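K.L.:
Take a look at the following structure, please.
The values are calculated or read from the model by the stated rules, or taken from the named source; none is laboratory data. Source: prediction; values computed, not measured. Cβ placement follows ideal geometry from the backbone for every residue including glycine, while neighbour counts extend to all protein chains displayed. Ligands, DNA and RNA are stripped out before the accessible areas are found, and what is left, the full protein with its side chains, is counted by its heavy atoms. Shrake-Rupley method; radii C 1.70, N 1.55, O 1.52, S 1.80 Å.
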Amino acid sequence: MIFAIDLEGVLAPEIWPLLGAHFELPDLRLTTREVGDFEALMHRRVAALRSRGLTLRQLQEVAHGVHPYLGAREFLTRLRALGQVLIISDTFHEFSEPLLQELGGHSLFANHFELDGGGTIAGFKLRIRGQKERIVSGLKSAGFAVAAMGDSLNDLSLLRSSDHRVLYRPVEALRAEFPDAPLATNLDEALAHLEAAARAEALRAGQ
């Protein structure tokens, strides 16, 4: 079984609001909990960064100070005993790779920035946008059952395409989309739901 888990807001704090607070840029404080169109959100973020002339290195000095939530590494370790763990997120590799190492070095599917000659963010490559469903579909076509967990509107396709889904402190719109999906308000509850999904798959495989 494969567990596809979101990163920011689930395993670690949201990075962009921390950048917004540090550099006093309101447009960086917005996340996909407020703005469902991730590409439009990123254009606002890049415009704000360029208006201040901030470089990727300056941003990384803040982003690389983000640490996982208490218990997040242990949560992933428990899941790893039941199957493979993939972190599928609309974060950026340039921000989150150190965070992933703290979480145990699990595979990260995320986006990349494009830089100009001065090291300022000029754009972005959305490796993940529109691809979450394809990633899950590919895993399922290879014979894997997939359980997914997310919290925001940008997780819709990930959750919709999975065999099992868990909503982690979801926004109301996400909860309305999946009214029957189990809810988790902490990682212990999330682990219990995902362990139940793994047991269900094990029973199905034994039939």
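K.L.:
Quick one: would you say residue 152 is buried (at least 23 other Cβ atoms within 10 Å of the Cβ), at negative phi and of a type in the set (Ser, Thr, Tyr)? Spell out the reasoning first.
P.N.:
Values: buried (at least 23 other Cβ atoms within 10 Å of the Cβ): yes; at negative phi: yes; of a type in the set (Ser, Thr, Tyr): yes.
So residue 152 fits the description; yes.
K.L.:
Among the aromatic types (Phe, Trp, Tyr) and either farther than 26 Å from residue 75 by Cα or part of a loop (DSSP other than H, G, I, E, B) (or both) - does that describe any residue in segment 12-21? Outline the logic, then answer.
P.N.:
Taking segment 12-21 and keeping what is among the aromatic types (Phe, Trp, Tyr), we get 16.
Next cut, either farther than 26 Å from residue 75 by Cα or part of a loop (DSSP other than H, G, I, E, B) (or both) only: none.
Within segment 12-21, not a single residue is among the aromatic types (Phe, Trp, Tyr) and either farther than 26 Å from residue 75 by Cα or part of a loop (DSSP other than H, G, I, E, B) (or both).
K.L.:
Going through segment 31-79 one residue at a time, which ones are hydroxyl-bearing (Ser, Thr, Tyr), open to solvent by 30 Å² or more (accessible area, probe 1.4 Å) and under 23 Å from residue 171 (Cβ atoms)?
P.N.:
Taking segment 31-79 as the starting set, the residues that turn out to be hydroxyl-bearing (Ser, Thr, Tyr) are 31-32, 51, 55, 69, 77.
Then drop every residue that is not open to solvent by 30 Å² or more (accessible area, probe 1.4 Å), which leaves 51, 55, 69, 77.
Hit for segment 31-79 is 69, nothing else.
K.L.:
In segment 62-112, how many residues are part of a helix (DSSP H, G or I) and either touching an Asp or Glu at 6+ places or on another chain (Cβ under 7 Å) or not hydroxyl-bearing (Ser, Thr, Tyr) (or both)? Let's see the steps before the verdict.
P.N.:
First, the residues of segment 62-112 that are part of a helix (DSSP H, G or I): 62-63, 72-80, 93-102.
Pick out the ones that are also either touching an Asp or Glu at 6+ places or on another chain (Cβ under 7 Å) or not hydroxyl-bearing (Ser, Thr, Tyr) (or both) and you get 62-63, 72-76, 78-80, 93-95, 97-102.
Adding up the residues that qualify gives 19.
K.L.:
In addition: When segment 114-149 is examined, which residues are found to be of a type in the set (Gly, Ala, Ser), farther than 26 Å from residue 60 by Cβ and open to solvent by less than 30 Å² (accessible area, probe 1.4 Å)?
P.N.:
Applying the first criterion (of a type in the set (Gly, Ala, Ser)) to segment 114-149 yields 117-119, 122-123, 130, 137-138, 141-143, 145, 147-148.
Now drop any that are not farther than 26 Å from residue 60 by Cβ, which leaves 130, 137-138, 141-143, 145, 147-148.
Selection gives 145, 147, 148.
K.L.:
Hey, another quick one. Pairs only if they're at least six apart or on different chains, beta carbon under 6 angstrom, first in segment 161-181 and open to solvent by less than 30 Å² (accessible area, probe 1.4 Å), second modelled with pLDDT of 95 or more and in a helix (DSSP H, G or I); list them, first residue then second.
P.N.:
166/190; 166/193; 168/190
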